[in-house]
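The values are calculated or read from the model by the stated rules, or taken from the named source; none is laboratory data. Every value quoted in this text rests on a predicted model; they were computed, and no experiment measured them. Neighbour counts are summed over all protein chains in view; Cβ atoms, including those assigned to glycine, are modelled from backbone coordinates with ideal geometry.
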Amino acid sequence: MYKNILANLISRIWSLISVFIFIPLYIHFLGIALFGLVSFFATMQSVLFLLDAGLSVTLRREFSFGENNGENKKRKFKLLRSIEFCYLIIITFAIGFSYLGAGFIVNKWLNIGNINPSIAITTIRLMGISIALQFLSTLYYGGLLGLEKQIVTNIYQICWSILKNGCVLLILWLITPDIRLFYLWFIFADLLYLTILRIKIYKSLSVDNTYNWKLQELNNLKNIWKYAIGMLTISIISAFNFQLDKITISKVLPISELGIYNLAFSLSQLPVILVNAISVAIFPRFVYYFSTKDTKKLQRLFLLSNKILSIFAISVSISMCFYAHELFLFWTRNPELASKAWLPAAILTAGSMFLTIQIMPFNLALAHGVTKINTFFGLINLFILIPLLIILVNNYGITGAAMAWLLILLILTPIYNCYVYNKFISNKWFKWFISDTIFPLLFVLSISIIFYKFGTLIKLNSNYTIFYAIISGIVVLILVLYIFVKNISFQIKQAIEKT
């Protein structure tokens, strides 16, 4: 398992590095207005990914079940082919939706400013094709993760990212900064990545190529439909929760403001991405212990991983909040952009900290096959978020959107985590939440304030401030882990050996 964790971490670290490298260059070549259109791509992607129906997550869970024998591989193969057939119908719909709806989006929804409407319409149609290809890739990616082929899967993902983002910059630089060409290259890279993943997952299942899948075998889906529908509901609610702020901004404010907000949001996701990288590697082990009814190992692994990852998320997030302006200035080298984005970024990062604390309880519930909990809390989140966004975005712009995100997570995270712990671990949820979350949070906040105040006294320049922030953040993290996780190296080693 530790190799999978390392592979996922390297992949997510590269994702973070690529964001820091490529986004400022995109803004340089395309300008902030066209980058706003690129930002809308991420929102559109999330909306169309609702059609996923939770099948990719369902496949990941099903592929984590049982032993690695011939009969089980054949079962997985049949399930994959059945879900793949559903996906082909879905991506056909997605491409048609983006093609027919592009005119409405450009003319009736977005405030595109001085962007040529015909260019914007063509771009959105190309976006639909790219999204459809990525959408199908998630199926194979999820299956490979379930098979614990995480090292090779992450190698593919890193290579895809380099090919996709690196080469498109060469095109923008050497040929023309045309956003339509930008997405044509994306389509090529997505198609290549999709093909490689498909070949790999079928090879991993080692099923006889002469096997002929038939339409009647869609009956294989009846065994997973309840879980899949639950995941569909979670996906829809989650997508709205995550994208409602961007949708609101795209309607109320100029598209350049959406670009700035997405920059802030991208920076704030650093702790979420890193913790997700580890949780993805641990989730199949959660499922395996649940399927073999090894409750003690499941609980032990959850408690250790949750405590360590919560401390990590808290330490990274608080450090980023204190130095949000310096981080943005160092990243973009644009003082005007940094002055507009740093406060939303700091608020969003605080929200991301609470979201990250939910990740392991969320995975624990899914490993037990329970989706109703996440659906219920997602609906509450959505019910509160809608009026909050309407009020705060209209009054405070993108800062208001960030405030809504933080307030929701601040309220619901303690309730959600304690509920999951009470249901699956023990009824001593209050003691657990105080010892594993509140005490580390207060300790990190106190030590970070001391480091920050000391940094302001010695008056470092911008570049040295970033270096000081990294060093002080690492010191705080090590100190908190040492205090709150007794014999941490022994516990991690023991957990790895047992898995």
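Can you find a residue that is crowded, with 24+ Cβ neighbours inside 10 Å, within 30 Å of LEU37 (Cα to Cα) and in the same structural domain as PRO414 (by TED's automatic domain parsing) anywhere in the stretch 288-311?
Checked against the condition, which is being crowded, with 24+ Cβ neighbours inside 10 Å, within 30 Å of LEU37 (Cα to Cα) and in the same structural domain as PRO414 (by TED's automatic domain parsing), the stretch 288-311 yields no hits at all.
Checking LYS293 against (1) of a type outside the set (Asp, Glu); (2) on the phi > 0 side of the Ramachandran plot; (3) within 15 Å of the chain's Cα centre (by Cα): exactly one of these is not met. Which one?
Among (1) of a type outside the set (Asp, Glu); (2) on the phi > 0 side of the Ramachandran plot; (3) within 15 Å of the chain's Cα centre (by Cα), LYS293 violates only (3).
Evaluate the stretch 376-384: report whether one residue or more is more than 30 Å from PHE286 (Cα to Cα), at pLDDT below 85, more than 19 Å from the chain's Cα centre (by Cα) and part of a helix (DSSP H, G or I).
The first filter runs over the stretch 376-384 and keeps only residues more than 30 Å from PHE286 (Cα to Cα), leaving 383-384.
Remaining after also requiring at pLDDT below 85: 383.
Now restrict to residues that are more than 19 Å from the chain's Cα centre (by Cα): 383.
Those left that are additionally part of a helix (DSSP H, G or I): 383.
Yes, because at least one residue in the stretch 376-384 is more than 30 Å from PHE286 (Cα to Cα), at pLDDT below 85, more than 19 Å from the chain's Cα centre (by Cα) and part of a helix (DSSP H, G or I).
Since PRO361 meets every condition but one in (1) of a type outside the set (Asp, Glu); (2) buried (at least 16 other Cβ atoms within 10 Å of the Cβ); (3) more than 18 Å from ASN306 (Cα to Cα), which condition does it not meet?
Evaluating PRO361 over (1) of a type outside the set (Asp, Glu); (2) buried (at least 16 other Cβ atoms within 10 Å of the Cβ); (3) more than 18 Å from ASN306 (Cα to Cα) leaves (3) as the failure.
List, please: which pairs have Cβ atoms under 9 Å, are six or more places apart or on different chains, and start with a residue in the stretch 472-483 that is assigned by TED's automatic domain parsing to the domain that holds SER317 and end with one that is surrounded by 13 or more Cβ atoms within 10 Å (Cβ to Cβ) and outside any helix (DSSP H, G or I)?
Once the first residue is assigned by TED's automatic domain parsing to the domain that holds SER317 and sits in the stretch 472-483, its partners that are surrounded by 13 or more Cβ atoms within 10 Å (Cβ to Cβ) and outside any helix (DSSP H, G or I) give GLY473/TYR323.
Could you tell me whether LEU16 is surrounded by fewer than 21 Cβ atoms within 10 Å (Cβ to Cβ), assigned by TED's automatic domain parsing to the domain that holds VAL152 and modelled with pLDDT of 70 or more?
No.
Can you find a residue that is of a type in the set (Phe, Trp, Tyr) and within 15 Å of ILE237 (Cα to Cα) anywhere in the stretch 354-366?
yes
I'd like the full set of residues that are among the aromatic types (Phe, Trp, Tyr) and farther than 20 Å from SER11 by Cα, limited to the stretch 278-320.
Listed by number, the residues that qualify are PHE286, TYR288, TYR289, PHE290, PHE302.
Report yes if some residue within the stretch 134-154 is surrounded by fewer than 19 Cβ atoms within 10 Å (Cβ to Cβ) and hydrophobic (A, V, I, L, M, F, W, C); otherwise report no.
Yes; the residues of the stretch 134-154 include at least one that is surrounded by fewer than 19 Cβ atoms within 10 Å (Cβ to Cβ) and hydrophobic (A, V, I, L, M, F, W, C).
Right, THR413: over 26 Å from ALA324 (Cβ atoms), in a helix (DSSP H, G or I) and touching a residue at least 40 places away in the same chain (Cβ under 8 Å) or not?
no
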